[in-house]
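To start, the structure under review is shown below, and the notes come after it.
Read the figures in this text as sums done on the coordinates, not as results from a lab. Predicted, not measured: the structure shown is a model, and the values here were computed from it. Don't worry about glycine lacking a Cβ; one is built from the backbone with ideal geometry, like all the others, and counts go over all protein chains shown.
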Amino acid sequence: MGNKIQMIELSKEHNAIRGEIETAINKVIDSSAFIHGEEVELFERNLERYLGVKHVIGCANGTDALQIALMALDLKPGNQVLVPAFTYVATAEVIALLKLIPVMYDVNPRTFNTDGVVSLEKVEELINDNTKAIVPVHLFGQCSDMNAVLAVANRYNLKVVEDCAQALGAKYKVGEEEMMAGTIGNIGCTSFFPTKNLGAMGDGGALFTNDDALAQRIRMIASHGQEKKYHHKVIGVNSRLDTIQAAVLNVKLKYLDGYLAKRRQAAALYTTLFTKADPQNKYLYTPKEVEFSTHTYHQYTLIIKDNKRDALRQHLAEKGIASMIYYPLPLSDQEAFQNIALRREDFSKSAADSLHNSEYLAAHVLSLPMNPTITAESIELIVNEVINFLKEA
Ligand SMILES: Cc1ncc(COP(=O)(O)O)c(C=O)c1O
């Protein structure tokens with residue numbers, strides 16, 4: 001509160017298209033079709049076209065999307081699911097909730113994501129007959145190395161659920177082909193939480209798949225397990241994207257690529273200025289862009305060296321500049337996962353440093369204000385404050 005520069009400025013973004021949004025919401029109010037209104041289907045078809053995927057199924061939020069995805073894959077209690085230790089809790093929470101066992105692996109220390117070397121070479125040691133799925137996350141807006149994920153998944157017959165909550169609109173290169181994040185594995189899951197790349201005005205989420213049978217099963221599970229009204233084939237949940245949210249999303253989807261371009265532009269300015277001020281990475285690392293994915297910069301996240309992160313954050317707050325720590329603890333250190341999750345130590349006594357990168361990142365990352373309306377002046381001011389503090393500290 002009271003910060004001059006906020007992490008996000010949704011009202012600026014929305015004021016520019018307020019008339020369009022109000023018209024869309026008013027149309028839903030006039031129809032009274034608040035649940036299963038025509039805008040929901042329209043949005044699903046629009047997002048299918050945008051993503052180039054056969055099926056988009058709306059649901060109530062991104063956490064539900066992940067839960068429904070795992071339910072649709074017909075896993076059995078006690079099956080093991082591979083998940084990065086450095087992610088938002090939702091990714092692993094739903095695994096535990098379904099009485100599956102999260103098996104945590106480490107991430108690349110510069111991309112924050114699942115890669116083919118750090119994560120997956122070591123991940124093979126964690127795979128046994130009970131391992132049935134992997135949930136790579138496209139954290140902060142850039143894709144994990146899906147070629148490496150698919151290679152491991154094919155070798156060990158694992159299902160792949162992409163957590164695309166932070167990377168909607170990112171493009172991934174598979175060989176010569178370009179695919180949208182979330183459409184590469186068996187199922188992709190996303191969130192329309194208001195601050196996401198494509199944000200609703202409340203909660204929302206969706207699942208994507210190219211598999212007709214899976215799509216049918218996902219729809220059934222999200223709708224109380226019913227194929228036909230009041231005929232329940234499997235135990236399901238009640239998880240719907242409501243019509244007002246779909247109407248808002250239909251308006252905002254048209255602007256998504258424009259928003260992403262502005263995020264990239266802001267990130268490019270941050271990185272140019274930081275690189276000029278700290279060319280030898282004496283104080284920090286800027287986000288690393290990989291060649292196989294575009295970066296949507298859901299977050300602009302620095303790695304602050306020399307244990308100065310928390311003091312820097314305090315300094316920025318005193319200057320009226322917001323910043324956030326995504327995330328201060330790896331999931332393996334969260335109380336809720338003690339005695340539930342497995343990590344490399346559980347498989348091999350010699351692997352004491354198995355989640356070393358996740359632990360390091362939790363202690364060193366700092367996300368700076370990033371949104372489509374941030375100005376060059378704000379970015380210049382933030383960079384100056386960060387660099388001046390780190391030079392003097
Ligand atoms: C990586 C990741 N996964 C899952 C979620 C869950 O989405 P939601 O908040 O819509 O349930 C989020 C966002 O909050 C997220 O950032």
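For a Förster distance of 22 Å, can you work out the FRET efficiency between the beta-carbons of VAL117 and GLU177, rounded to the nearest 0.05?
Numbers: r = 23 Å, r/R0 = 1.05.
It comes to 0.45.
For a quick size check, give me the Cα extents of the chain along its three principal axes, largest first, whole Å.
Projected onto the principal axes, the Cα atoms of the chain cover 68, 60, 42 Å.
What ranking, highest mean first, results for peptides 4-11, 181-188 when packing means the other Cβ atoms within 10 Å averaged over each residue?
Values: 4-11: 15.4, 181-188: 26.1.
Taking the mean over residues of other Cβ atoms within 10 Å, the ranking is 181-188, 4-11.
May I ask you to derive the relative contact order of segment 118-233, considering only C-alpha pairs under 8 Å and at least 6 residues apart, and to give it as an integer percent? Before the final figure, lay out each step's value.
Values: 179 pairs, mean separation 19.7, N = 116.
Over segment 118-233, the number comes to 17 percent.
Mind checking Rg over Rh on segment 256-392, alpha carbons, Kirkwood formula for Rh?
On the way: Rg = 17.0 Å, Rh = 16.6 Å.
Taking Rg over the Kirkwood Rh, I get 1.03.
Label points 7 Å out from Cα along the Cβ direction at GLU227 and GLN314: separation in nm?
Going by the 7 Å Cα→Cβ label model, 6.2 nm.
Under 5 Å between amide H atoms, partner at least 5 residues away or on a different chain: which partners does GLN142 have, H built in plane at 1.01 Å?
Residues meeting the criterion, in which the H sits 1.01 Å from N, are THR296.
At what distance in nm do the modelled label points of GLU377 and GLU392 sit from each other, each positioned 7 Å from its Cα along Cα→Cβ?
Result for the modelled spin labels: 2.3 nm.
Sequence-distant or interchain residues sharing an amide H contact under 5 Å with VAL103, placed H: which?
The list, which skips near neighbours in sequence, is VAL81, LEU82, VAL83, LEU342.
Which value at 222 nm does the chain reach when only helices count, each DSSP H run of 4 or more adding -39,500 (n - 2.57), with the total divided by all residues and rounded to the nearest 500 deg cm²/dmol? It would help to have the intermediate numbers written out before the result.
Numbers: 14 runs with 155 residues, N = 393.
Only helices count here, giving -12000 deg cm²/dmol.
Taking LYS282 as the anchor, which aspartates and glutamates have their alpha carbon closer than 18 Å to its alpha carbon, excluding any fewer than eight residues away along the same chain?
ASP306, ASP310, GLU385, GLU392
For ARG18 and ALA151 in one chain, what is 0.36 nm times their gap in residues minus the Cα-Cα distance, to one decimal in nm?
On the way: separation 133, 0.36 × 133 = 47.88 nm, distance 4.53 nm.
Value of the extension gain: 43.3 nm.
Quick one: what are the phi-derived ³J(HN,Hα) couplings along segment 132-148, Karplus 6.51/-1.76/1.60 with θ = phi - 60°, whole Hz, x for glycine and proline?
Calculated HN-Hα couplings, in order: 10, 7, 9, 10, x, 10, 9, 6, 6, x, 10, 6, 5, 6, 6, 4, 5 Hz.
Hey, which of these cross-link pairs are over 25 Å Cα-Cα: LYS27/LYS252; LYS171/LYS196; LYS252/LYS288?
Going by Cα-Cα distance, LYS252/LYS288 fall outside the 25 Å limit.
Going by how many other Cβ atoms sit within 10 Å of their own, how do HIS14, HIS55, HIS356, HIS231 line up, fewest first?
Details: HIS14 17, HIS55 20, HIS356 14, HIS231 8.
With the fewest neighbours first, HIS14, HIS55, HIS356, HIS231 line up as HIS231, HIS356, HIS14, HIS55.
With the contact rule set at Cα under 8 Å and sequence spacing of 6 or more, what percent relative contact order holds for the chain?
On the way: 809 pairs, mean separation 90.5, N = 393.
Worked out over the chain, it gives 23 percent.
Could you calculate the FRET efficiency of ASN238 with ALA261 from 1/(1 + (r/R0)^6), where r is the beta carbon distance between them and R0 is 35 Å, rounded to 0.05?
Computed FRET efficiency for ASN238 and ALA261: 0.40.
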